[in-house]
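What follows is a single structure, written as structure tokens, with notes after it.
The values are calculated or read from the model by the stated rules, or taken from the named source; none is laboratory data. What you are looking at is a predicted structure, and each value in this text was computed from that prediction instead of being measured. A quick note on method: Cβ atoms are made from the backbone with ideal geometry, for glycine too, and the neighbour counts reach across all protein chains shown. When the accessible area is computed, the model is the full protein with side chains, heavy atoms only, and any ligands, DNA or RNA have been set aside. Shrake-Rupley method; radii C 1.70, N 1.55, O 1.52, S 1.80 Å.
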Amino acid sequence: MARTPIKDFYGRVIGFLDDQGSQIVATDFYGRRLGHYDKSRNKTFDFYGRLVCEGDGTSGLIMSAQQYPH
């Protein structure tokens, strides 16, 4: 499992992408799960399981969470 930090414009870590083989899980800085990308279906889903987009949109989930914190 590879973990990739996602940084904002100022170089601060705002989240992580965890490659777990069949999917990529997006988490915020505090480790809260934001959603995942299913590689076999080529679709990204949010925390609630709703379809967000086709393709890998996990970085967008992290950026959205940064804009609108929980």
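Each Lys or Arg adds one and each Asp or Glu takes one away; over the other residues whose Cβ falls under 9 Å from the Cβ of Met1, this sums to -1. Can you tell me the dipole magnitude for the chain around its Cα centre, using point charges on the Cβ only (Lys, Arg +1; Asp, Glu -1), in Debye to the nearest 20? The dipole magnitude comes to about 80 debye. Structural descriptor for the stretch 1-45: relative contact order 25 percent, calculated from alpha carbon pairs under 8 angstrom and at least 6 residues apart. Think of a 1.4 Å ball rolled over the protein heavy atoms: the chain then has 68 Å² of accessible area per residue. For the stretch 17-25, backbone phi angles converted through the Karplus equation (6.51, -1.76, 1.60; θ = phi - 60°) give residue-by-residue couplings of 10, 10, 7, 10, x, 7, 8, 10, 9 Hz, Gly and Pro being listed as x. Between Leu17, Leu51, Leu34, the GNM of the chain built on Cα springs shorter than 10 angstrom shows Leu51 fluctuating the most. Sorted into 10 angstrom bins from 0, the C-alpha pair distances of the chain split as 23, 57, 20, 1 percent.
Restricting the trypsin sites (Lys or Arg not before Pro) of the chain to loop positions (DSSP other than H, G, I, E, B) with no more than 12 neighbouring Cβ atoms within 10 Å leaves Arg12, Arg32, Arg41, Arg50. The chymotrypsin sites (Phe, Trp or Tyr not before Pro) of the stretch 1-51 meeting both criteria, a DSSP state outside H, G, I, E and B (loop) and at most 12 other C-beta atoms within 10 angstrom of the site's C-beta, are Phe9, Tyr10, Tyr30, Tyr48. Taking the C-alpha atoms only, the angle from helix 58-67 to the longest principal axis of the chain is near 40 degrees. Taking Lys and Arg as +1 and Asp and Glu as -1, the other residues whose beta-carbon sits under 12 Å from that of Met63 total -1.
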